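Asks: The structure is given below, and queries will be raised subsequently.
The values are calculated or read from the model by the stated rules, or taken from the named source; none is laboratory data. Fair warning: this is a prediction, and the values are worked out from it, not measured in the lab. Reconstructed Cβ throughout: ideal geometry from the backbone, glycine too, with neighbour counts over all protein chains shown.
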Amino acid sequence: MTVVHLKLDESVVSVCLAHEGCSQIGGPPADECDRRWIYGVGGAVYESIDGLASLQDRLHGVRQTILARTGIEDAPRMLGFIAHGWHATKDGPEFADPLLTELDRGASFKGHVRYVVSSVELSGPTKERVFDLLFVALLRVVMLRYRDFERIDIVFEADQSPRSRYAAILEQARPMVTVDVRVEPKGDSALAMADYLLYATLKYLARVMERCQSETCDVGHRPPTANEVSYSAAGAVELYGHLNGRDYALRMYKAFVRSMSSIIELPGVLGQVGGHE
Ligand SMILES: [Zn+2]
Ligand SMILES: [Zn+2]
């Protein structure tokens with residue numbers, strides 16, 4: 001039985017183009033802010049159950065090491081980590097770094113991201129519709145790529161959405177193979193990879209937009225995929241552009257770049273929901 005496993009998550013990262021490290025991020029923009037919101041969905045594809053299980057095993061080991069470490073037992077994040085595992089937007093370096101270091105050794109998934117950049121903050125049904133359209137676009141490609149498999153096992157990370165939402169997304173994605181769709185809460189490390197690779201991609205994008213001060217920039221802003229990066233003679237990833245080696249967004253993305261298959265901006269999505277481009 002050839003089954004491909006796909007884990008999915010959605011996220012938004014905002015950035016201010018007027019102020020590097022803008023203190024208003026997380027709150028309402030100040031008058032002189034120039035904010036952008038990057039809405040994205042991410043998928044981690046495991047092409048075999050062995051690939052899925054081996055990564056879960058490795059990450060279980062990393063998780064045990066973090067839990068056993070002394071000195072951070074009182075970190076406010078620890079209780080959440082014990083209950084639900086990794087969560088990219090909440091993890092400080094003491095939780096994220098051991099994970100990234102493990103992923104530097106290689107990972108058994110293929111990452112896909114679809115995103116859109118908006119100059120206005122979206123909310124309610126408009127925001128949900130944007131995520132739905134991004135999911136549909138991502139799923140269509142995955143369905144096509146794995147059409148010779150017997151089944152695609154899809155897991156969305158649970159939020160408050162009704163099941164009907166996922167059924168509608170699937171219908172629009174026009175599956176060509178048998179598809180099994182589930183919703184799972186945070187906790188599984190294989191699912192956490194969708195959250196992390198998406199966050200790493202969106203943070204890289206946000207950081208590059210923040211750094212770039214040129215109207216006529218010829219540096220690519222979209223994070224490169226595995227096929228687009230250069231490798232040193234020692235096999236290390238070399239990324240060129242606006243970010244330097246001390247930038248945490250770059251460090252984070254480097255852990256995922258060799259696993260990334262596709263990252264595509266879909267600006268047309270905003271037109272479909274009546275949002276501003
Ligand atoms: Zn600002
Ligand atoms: Zn630039």
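Yes/no per residue for (1) within 16 Å of ligand 2 (Cβ to nearest atom); (2) part of a helix (DSSP H, G or I):
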{"position": "Leu202", "(1), (2)": "no, yes"}
{"position": "Arg207", "(1), (2)": "yes, yes"}
{"position": "Glu215", "(1), (2)": "yes, no"}
{"position": "Asp218", "(1), (2)": "yes, no"}
{"position": "Arg222", "(1), (2)": "yes, no"}
{"position": "Ala233", "(1), (2)": "no, no"}
{"position": "Gly241", "(1), (2)": "yes, no"}
{"position": "Gly245", "(1), (2)": "no, no"}
{"position": "Ala249", "(1), (2)": "yes, yes"}
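Asks: Please pick out the residue among Glu238, Glu265, Glu210 that is over 23 Å from Trp86 (Cβ atoms) and free of Cβ contacts under 8 Å to residues at least 24 places away in the same chain.
Replies: Within the list Glu238, Glu265, Glu210, the selection yields Glu238.
Asks: Could you please find all residues in the range 22-42 being under 22 Å from the mean Cα position of the chain (by Cα) and either more than 9 Å from ligand 1 (Cβ to nearest atom) or of a type in the set (A, V, I, L, M) (or both)?
Replies: Passing the criteria: Ile25, Gly26, Arg36, Trp37, Ile38, Tyr39, Gly40, Val41, Gly42.
Asks: Filter the range 6-30 for residues that are of a type in the set (Gly, Ala, Ser) and at pLDDT 90 or above; which is nearest to ligand 2 (Cβ to nearest atom)?
Replies: Ala18
Asks: On the basis of being touching a residue at least 24 places away in the same chain (Cβ under 8 Å), among the β-branched types (Val, Ile, Thr) and away from ligand 2 (no atom under 16 Å from the Cβ), does Val141 make the cut?
Replies: Yes; evaluated as a whole, the condition is true for this residue.
Asks: Sticking with this structure for a sec: For the range 210-237, enumerate the residues that are away from ligand 1 (no atom under 16 Å from the Cβ), of a type in the set (D, E, K, R) and surrounded by 10 or more Cβ atoms within 10 Å (Cβ to Cβ).
Replies: Arg222, Glu228
Asks: Out of all the residues in the range 74-96, which are out of contact with any Asp or Glu (no Cβ under 9 Å at 6 or more places or on another chain), charged (D, E, K, R) and part of a helix (DSSP H, G or I)?
Replies: Glu94
Residue-by-condition table, conditions (1) within 16 Å of ligand 2 (Cβ to nearest atom); (2) at pLDDT 95 or above; (3) touching a Phe, Trp or Tyr at 6+ places or on another chain (Cβ under 7 Å):
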residue	(1), (2), (3)
Gly111	no, yes, yes
Ile154	no, yes, no
Arg163	no, no, no
Ala190	no, yes, yes
Tyr196	no, yes, yes
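Asks: In the range 172-183, is there at least one residue being surrounded by 15 or more Cβ atoms within 10 Å (Cβ to Cβ), of a type in the set (D, E, K, R) and either within 16 Å of ligand 1 (Cβ to nearest atom) or not in a loop (DSSP other than H, G, I, E, B) (or both)?
Replies: no
Asks: Report, by residue number, each residue of the range 252-270 that is in a helix (DSSP H, G or I) and within 22 Å of Val45 (Cα to Cα).
Replies: Residues satisfying the conditions are Met252, Tyr253, Lys254, Ala255, Phe256, Val257.
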